[in-house]
Each structure stands twice: as structure tokens, then as C-alpha cells.
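Quick notes on the structure that follows.
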Amino acid sequence: MNTDVIVVGAGPTGLMLACELALAGVRTRVVERRTAPQRNSRALTLHPRSVELMDLRGLAPRFLSRGTTRPGWHYAGLGTELDFAALDSRHGYTLFLPQALTEALLEERARELGVEISRGHESVGLTQDAGGVTVEVRGPGGDFATVRARYAVGCDGGRSSVRHEAGIGFPGTEETLTGMLGDFAVVRTDPAGLAAAREHGVLVVPLKDGLTRIVCMDPERMRVPSGEPVTLEEFRTSLTRICGSDYGIAEPRWLSRFGNATRLAAAYRSGRVLLAGDAAHIHFPAAGQGLNTGLQDAMNLGWKLAAVINGWAPPELLDTYDAERRPVGRAVTENTEVQTLLTELTLVPAYERPGSALRSLLDELLGMKEVNRHLAGQVSALSTAYPPAIAADPLVGRRMPDIGLTAAGSDAIRAYELFHGGRFVLLDLSGDPDLPASVTAGWGSRVTAATLTVHDGHPDLDGVTEVLVRPDGHIAWATRSTDRSTDENTRRSERADALSAWAGAPSEGNSS
């Protein structure tokens with residue numbers, strides 16, 4: 001084998017996955033047809049759960065130092081924003097960070113971990129057999145090479161060649177409307193003028209590099225195919241028609257048209273080929289969920305694929321990637337379709353009045369804390385929970401909160417600091433000093449075990465004595481047994497069963 005995993009596509013999803021695999025010691029190669037990193041940024045934000053993922057790996061400071069935060073975000077462009085600050089997270093905000101910078105930071109991390117990134121190399125053919133995957137790669141000079149790997153992951157976008165070669169269907173709906181975006185070096189208006197533009201449904205976002213992004217949907221141009229280039233004159237005409245002014249836009253650095261084609265892969269796995277990010281799901285860029293969903297795909301897949309390659313988990317573990325992430329992909333495509341419809345209703349003359357009335361009603365509902373929290377949980381992905389296979393503690397499948405912890409004789413830490421190595425974490429909150437040693441004896445290479453005292457707790461963890469958390473930060477097992485009269489052998493047996501089910505069979509000599 002040339003490598004363990006070949007990742008096709010060096011966007012945020014592919015790079016995040018490569019980092020996760022390399023962290024687990026998996027030989028990983030990324031091939032990307034573009035010869036240089038993407039300069040333009042279709043996506044501009046990281047939502048709370050994505051920032052939490054970076055925090056789990058100790059990367060959050062890199063990202064936070066390069067972006068700016070705000071406590072809320074929009075839903076279908078309604079006036080009342082989603083309040084991320086009210087959610088159960090230390091990162092209850094939107095992080096404004098251009099996609100190009102997100103990619104640069106992830107590539108920096110991937111190279112630190114030894115990932116091989118081959119730019120100017122395009123995947124042009126793929127076959128698989130019982131022993132691995134063969135990928136035909138065309139290099140910068142037109143030369144061809146064959147790469148043999150144990151697995152391949154398509155992170156190569158909505159037109160994924162990997163998905164096509166694997167024979168995975170991509171059902172959904174065709175594009176029915178489009179919008180335009182432009183990054184301009186010159187925008188001659190004051191804050192009041194930009195606020196007026198927003199009142200007309202035009203999104204205006206100042207970018208860090210002195211540019212201003214403007215996104216609009218012109219009723220007279222919303223049926224133009226997304227493949228038709230946008231011109232500066234068209235953008236000016238549309239802004240004037242919508243807002244009464246073109247705001248003096250000039251010196252465009254990037255003009256693009258985007259559509260609402262919505263598709264979800266029929267499966268996220270076919271044998272030794274898997275899909276993540278836009279290769280698995282595409283939708284209208286409502287509320288900026290696409291890039292974030294791809295990062296979360298990568299986090300879910302990374303540890304599972306590494307576990308199979310490293311030999312302590314069966315290939316069937318990879319089926320849980322589809323079982324857990326495909327429903328999330330479906331939920332995202334559905335909520336973006338709802339947001340798209342809410343926008344389109346106000347653009348079609350026959351529906352303008354009822355459409356505006358509906359938006360006003362939903363705007364009012366967003367003012368209710370329960371409604372706002374529900375939709376904010378969806379868009380931020382903080383409400384994502386994976387259903388347990390069997391009856392289990394209510395915590396199982398949910399995110400582990402970043403509680404404050406203290407070990408005897410040590411400084412206080414946050415729970416997420418224990419996940420920087422990408423391993424399982426077993427937290428003993430009952431004060432059993434012998435637990436870490438008993439776990440280390442059998443699962444020490446895969447599980448970080450610690451007896452800690454909670455000093456900054458969480459109501460959902462009240463009564464929990466032990467909790468096993470997956471490398472992606474979701475809870476695998478929890479127990480609330482506080483009865484010290486319970487047979488110690490029974491307690492150890494339950495713990496060992498949970499560890500074996502999730503972290504594989506113990507090594508020889510385990511005493512649990």
C-alpha cells in the first residue's frame with residue numbers, strides 16, 4: 001500500500017479529516033486538483049459546534065485569533081437573529097472567518113502532523129476490491145500515477161468524481177433559483193445606507209481585508225442559471241432595482257452566482273469508499289451551514305476510520321458513520337429548503353404579500369426564547385445527538401459539555417483539554433483513585449482515564465459517576481451508580497463492557 005487513506009479534495013472537510021487521521025497515526029495523502037489554495041471564500045463563518053471541535057483538538061486559539069465573533073446569526077434573513085449566546089456552550093457565537101483562512105489553518109495543522117498534500121493532482125478513476133482502493137491520479141504535467149490505499153474518502157464537492165466512480169446515487173432537486181454574491185474593494189455608503197440595504201433583504205458583510213461582501217437575490221434575475229457569470233453591471237443594476245442605489249460598488253475581487261440545488265447522497269459509504277462534506281450533501285447556503293456540516297462529518301468519520309485501520313475496530317464501525325451523519329445531512333438540507341422558500345416567497349409577485357406576512361409571523365416567533373433556542377440549536381449543530389443503539393443513559397449520543405475539572409494536587413482544567421490527542425476519555429467523577437490504573441492496563445493506548453472533581457458542573461451531569469466520551473466529543477456511555485455497596489466486580493464489568501464495545505478489546509494483561 002502506498003498509503004492508508006487517500007482523501008480527494010483539500011477543502012475544509014478534506015483537510016479536517018486528514019488531521020484527524022494523522023493524529024491517530026494513519027498514513028494519509030490528500031490529492032487536490034487545484035494547484036494553489038483557494039483565494040476566494042464562499043463560506044465566511046464557523047458556527048458554535050465547529051469552534052468546539054477545534055477546541056477539542058487544542059486549535060481554537062489559532063482560529064479565534066484570526067476572526068471576529070458575534071453572539072447571533074440569521075435564519076432566512078429574518079430580522080430577529082438566532083441567539084447563539086443563549087446556548088449551552090462556551091463558544092456561543094458565530095466566528096467570522098473566511099473559508100480561505102479556515103483552509104489555510106487546517107492545512108498548516110495537517111502538515112504539522114505529517115500529512116502529504118499533493119496539489120495539482122486530480123483523481124480521474126477509482127476502483128475497489130476486497131483489499132483496498134486503487135485511485136488513478138493525473139498530475140500537473142498530465143502524467144498519470146496509480147495510488148493504492150486501504151480506503152478512499154471523497155471530499156471533492158458537489159460534482160464529486162469519487163461519488164460517481166463509487167456508483168453512489170445523489171438524489172434530490174434541481175436548481176430553481178439563484179442569487180449573486182460579490183466581494184468589492186469599493187462601497188460608497190454610510191452605515192445607515194448599508195442598514196437600508198439589509199432591510200431590502202440584501203446581506204452586507206464587512207470582511208477583514210478591507211472588502212465588503214454583498215449578497216442579493218434579484219426577482220428579475222433569480223432564474224438565471226448558476227453557471228452564467230455575474231458581471232459588475234448586472235450587480236449594480238440589481239442593487240439599484242432592489243434598494244434604489246448601487247452603493248457605488250466598484251473593484252470587484254470576486255463575483256459568483258449560487259443556486260438552490262439540493263441533494264443528499266444515497267449512502268455515505270460504499271465498501272472502502274466514503275463521502276464527506278459537499279460530496280455527500282449540497283443545498284442553498286442558507287445560514288451558512290455547508291462548511292460547518294462538512295467539518296462535523298470529518299470529525300465523526302476520522303476516529304472511526306482510524307480505529308478500523310489500526311486494527312482495534314471491525315469494518316462495520318464505518319456503517320455507523322452513515323447511520324449517524326446521513327440523518328444530519330438530511331436535516332440540514334430540509335431546514336435550508338425551508339429557509340429558501342421563506343426567501344423565495346417574497347420575491348415572487350403573486351406571493352409577496354402572504355410571503356411577507358409569513359416572514360413577519362416567523363420573525364415574531366423567533367422572539368420567543370423556546371423557538372429561538374430550538375432553531376439556534378439546529379443551525380449551530382449544538383443540538384446534534386446520535387441515537388444510541390440500545391437503551392442507555394439519556395446522555396448517550398449527546399455532546400459532552402466542557403465542564404471545569406480538578407485533579408488532586410493539580411490546577412483546574414476544562415474537559416475539552418483532555419481530548420487534544422484524539423482519544424476516548426473516561427472520566428471518573430466519583431473519586432475512585434484506582435480507576436485510571438485499571439483502565440490504562442487494558443486500553444491505555446486508546447483511552448485517557450482520569451479521576452477528577454467537578455468544580456464547574458452541568459445540570460445534565462448531576463448524579464453521573466462515570467462517563468465515557470468518544471474522540472469526537474459525543475458521549476458513548478454513562479453511569480449514575482452511587483451505591484458503594486454495589487459489588488465492585490459488577491461495576492468493573494459494566495465499565496469493561498462499555499470500553500470493549502467502543503474502544504475495542506483490551507490488551508493482554510488487563511485487570512479490569
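Given the residues Gly158, Gly142, which is the only one that is assigned to a loop (DSSP other than H, G, I, E, B) and either touching a Phe, Trp or Tyr at 6+ places or on another chain (Cβ under 6 Å) or more than 20 Å from Leu295 (Cβ to Cβ) (or both)?
Values: Gly158 fails: either touching a Phe, Trp or Tyr at 6+ places or on another chain (Cβ under 6 Å) or more than 20 Å from Leu295 (Cβ to Cβ) (or both).
Unique residue meeting the criteria: Gly142.
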Selection status of Val447, under 25 Å from Asp319 (Cβ atoms) and among the β-branched types (Val, Ile, Thr) = yes
Matching residues in the stretch 70-80 (free of Cβ contacts under 8 Å to residues at least 60 places away in the same chain and part of a loop (DSSP other than H, G, I, E, B)) number 1
Every listed condition ((1) of a type in the set (Ser, Thr, Tyr); (2) more than 25 Å from the chain's Cα centre (by Cα); (3) part of a helix (DSSP H, G or I)) holds for Tyr416 save (2)
Of the residues in the stretch 287-337 that are under 16 Å from the mean Cα position of the chain (by Cα) and β-branched (Val, Ile, Thr), the one that is surrounded by the fewest Cβ atoms within 10 Å (Cβ to Cβ) is Val328
Considering every residue within the stretch 282-301, establish whether at least one is touching a Leu at 6+ places or on another chain (Cβ under 6 Å) and free of Cβ contacts under 8 Å to residues at least 60 places away in the same chain. no
Yes or no: the stretch 125-136 includes at least one residue that is at pLDDT 95 or above, in contact with a helix residue (DSSP H, G or I) (Cβ under 9 Å, 6 or more places away or on another chain) and over 25 Å from Pro315 (Cα atoms).
no
* Does Ala449 satisfy the criteria of being part of a strand (DSSP E or B), outside the structural domain of Leu53 (by TED's automatic domain parsing), surrounded by 14 or more Cβ atoms within 10 Å (Cβ to Cβ) and not hydroxyl-bearing (Ser, Thr, Tyr)? -> yes
Cβ pairs under 6 Å, 6+ apart or interchain, first in the stretch 47-66 and at positive phi and assigned by TED's automatic domain parsing to the domain that holds Asp88, second modelled with pLDDT of 95 or more and surrounded by fewer than 19 Cβ atoms within 10 Å (Cβ to Cβ), ordered by first then second residue, are Gly58/His420
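Can you name every residue in the stretch 202-224 that is outside any loop (DSSP other than H, G, I, E, B) and modelled with pLDDT of 90 or more? If you could, list the steps in order and put the result at the bottom.
Keep residues of the stretch 202-224 that are outside any loop (DSSP other than H, G, I, E, B), which gives 203-206, 212-216.
Selection gives Thr212, Arg213, Ile214, Val215, Cys216.
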Of Arg188, Arg163, Arg198, Arg223, the only residue that is assigned by TED's automatic domain parsing to the domain that holds Gln99 and basic (Lys, Arg) is Arg163
Residue pairs qualifying under the 6 Å Cβ cut-off, at least six apart or on distinct chains, with the first in the stretch 83-112 being part of a loop (DSSP other than H, G, I, E, B) and the second being among the acidic types (Asp, Glu), are Arg90/Asp402; His91/Glu52
When the stretch 406-422 is checked residue by residue, the ones that are crowded, with 22+ Cβ neighbours inside 10 Å and touching a strand residue (DSSP E or B) at 6+ places or on another chain (Cβ under 7 Å) are Ala415, Phe419
Residue set Glu233, Glu165, Glu199; condition at pLDDT 95 or above and surrounded by fewer than 15 Cβ atoms within 10 Å (Cβ to Cβ); output residue Glu233
*Filter pass, Pro506 being assigned to a loop (DSSP other than H, G, I, E, B), at pLDDT 90 or above, in contact with a helix residue (DSSP H, G or I) (Cβ under 6 Å, 6 or more places away or on another chain) and farther than 22 Å from Pro394 by Cβ*: yes
Flagged pairs (Cβ under 6 angstrom, 6 or more apart or on separate chains; first in the stretch 334-350, closer than 19 Å to Glu199 by Cβ; second among the small types (Gly, Ala, Ser) and surrounded by fewer than 18 Cβ atoms within 10 Å (Cβ to Cβ)) are Thr346/Ser356
Going through the stretch 105-158 in order, the residues found to be more than 23 Å from Ile309 (Cα to Cα), hydrophobic (A, V, I, L, M, F, W, C) and loosely packed, with under 15 Cβ neighbours inside 10 Å are Val124, Phe144, Ala145
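The values are calculated or read from the model by the stated rules, or taken from the named source; none is laboratory data. Note that this is a predicted model, so its numbers are computed, not measured. Counting neighbours? That spans all protein chains shown, and the Cβs are built from the backbone with ideal geometry, glycine included.
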